[in-house]
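Nothing in this text is a laboratory measurement; each read-out follows from the coordinates by a stated rule. In this text, all values refer to a predicted model and were calculated from it rather than measured experimentally.
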Amino acid sequence: MNHVYLDNAATTPIDPRVVSDMHAASVEYYGNPSSLHRTGRMARDVIEKARVQLANLIGGNPDEIYFTSSGTEAANLALAGVAETCIGTNKQGGCHFIASSFEHPAVFETCQALKRRGVEVSFLPVNATGLVDPSDLSRAIRPDTRLVSVMAANNVVGTLQPIAELGRITRDRGVLFHTDAVQAVGKIPFHLKTQPIDLLSLSGHKFNGPKGVGALFVRKGVKLTPLLHGGGQEQGLRPSTENITGILGLGRAAEIAKQEMTSEVSRLVDLRDRIIDSVTASIPNAYLIGDRYLRLPGHLCFGFQGQEGEAIRVLLALDEHGIAVSSGSACSSHHTGGPSSVLMAMGMNPIQARGSLRISLGRFNTDTDVDYFLNILPKVVSQLRRISTNLSSSTKGHL
Ligand code: PLP
């Protein structure tokens, strides 16, 4: 049976070149990087090489990279690490955060937890195409605002935020700017030496690296309080014995992503645009969710006007044909199983927000995969249309 994996926003297959390096390293580099002997120093060198590789990918300095166990941990460290510097110790100054209203749970739930600890959080609206308006940010910043957090690319709809502009507004007001770039790093270029970003979270498994390893970029001079307390690793900001093999894999994945970025972006944009044109032409009530152009190279999200309830059935039927895609609600409902909070934030009603189909392309997808998907999808939806008993007469014949 065919196996076509189009769910690269959920996670990516690890690149065989990364696996092979990790395999060799897991035997060779068993030393504790904090040990002074040669075995320890060899392990330390592995970590420092990965730090350079990652810094090269995002255009930062190696000593501004802190390895973590995931993107989630990096975002928690960024937000809670800033909050700790203003909760309690500096009550007079206040502690106000701003985030977009469709952040991933890694940021959204951290904001909720911080609210319970006394941080005030304001959420910025996003428009119907999934973009934050910079003028909303300007208006939302207050004298007691300490941090603004807006994701670089949304995980459900794939839209790219005007990060440079949001960062500039934030910096001009003397406030720290964090971006959850978990979906964006490795897929679009970053230039942190010049971009006004103070904190950036990333994750290895989203760009063909290993799972369970991520990093936080912390611009020099930015003060964070650690979440963990221990042996002082990662300059005391993220103590615990390092995941050497994972970090090596993350570094290698970063190196490959950098080398192949230009060709990969244009290849994925071509495949993505072919899918948009074909799906909207062959399924009349299918519409693209999120901005047509300001989106990740390989990321698509479709709704089906009038037949939103069908999306999950389309997903399951595609799965039977060996095609893996995702439903918008499954990956963004903040665990309620209800409508997608991301799509609701974009102004969709709860019915519309239940039914979206996310297709996310990656490094190992080919033209043949896209041909197969574009051949199967219309058949699947027309088959479902025939068996569906819930279609309204006004939309019959269109799914
Ligand atoms: N932020 C975004 C935008 C994501 O898409 C994800 C993962 O889906 C995360 C954070 C969490 O990353 P991790 O799985 O490494 O914890």
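For a quick check: with amide H placed at 1.01 Å from N, whose amide H comes under 5 Å from His299's, ignoring anything fewer than 5 positions away on the same chain?
Hits under the 5 Å cutoff: Leu361.
Restricting things to alpha carbons, find the Rg to Rh ratio for segment 237-325 using the Kirkwood radius for Rh.
Ratio of gyration radius to Kirkwood radius for segment 237-325: 1.14.
Report the rotationally averaged projected area of the chain based on its alpha-carbon convex hull, in square nanometres.
With every direction weighted equally, the projected area is 20.1 nm².
What does the convex hull of the alpha-carbon atoms of segment 157-280 project to on average, in nm²?
Averaged projected hull area, Cα only: 9.6 nm².
Pairs of Cα atoms under 8 Å, at least six residues apart: use those to get the relative contact order of the chain, whole percent.
22 percent
Top mean-square fluctuation among Leu268, Leu315, Leu36, Gaussian network model of the chain, C-alpha springs under 10 Å?
Judging by the Gaussian network model, the answer is Leu36.
Of the DSSP beta bridges with both residues in the chain, give the percent that are antiparallel, rounding to the nearest 5.
The antiparallel proportion sits near 55 percent.
Among Thr366, Thr245, Thr145, which one moves the most in a GNM of the chain with springs linking Cα atoms closer than 10 Å?
Evaluated over the chain, the most mobile residue of the options is Thr366.
Per residue of segment 170-184, what does 6.51 cos²θ - 1.76 cosθ + 1.60 with θ = phi - 60° give for ³J(HN,Hα)? Whole Hz please, x for Gly and Pro, Karplus curve as stated.
Computed from phi, the couplings for segment 170-184 are 5, 5, 4, 9, x, 10, 7, 10, 10, 10, 7, 9, 4, 7, 9 Hz.
Could you tell me whether segment 1-154 comes out rounded, prolate or oblate from its Cα gyration tensor? Rule is a ≥ b ≥ c as square roots of the eigenvalues, rounded for a/c under 1.5, then prolate if a/b exceeds b/c, otherwise oblate.
oblate
Strictly over 28 Å apart at the Cα level, which of Lys187/Lys379; Lys220/Lys258; Lys49/Lys223; Lys187/Lys211 would you flag in this model?
Over 28 Å apart, Cα to Cα: Lys187/Lys379.
If you average the C-alpha positions of segment 282-299 and of segment 160-231 separately, how far apart do those two centres end up, in angstrom?
With segment 282-299 and segment 160-231 each reduced to a Cα centre, they are spaced 26 Å.
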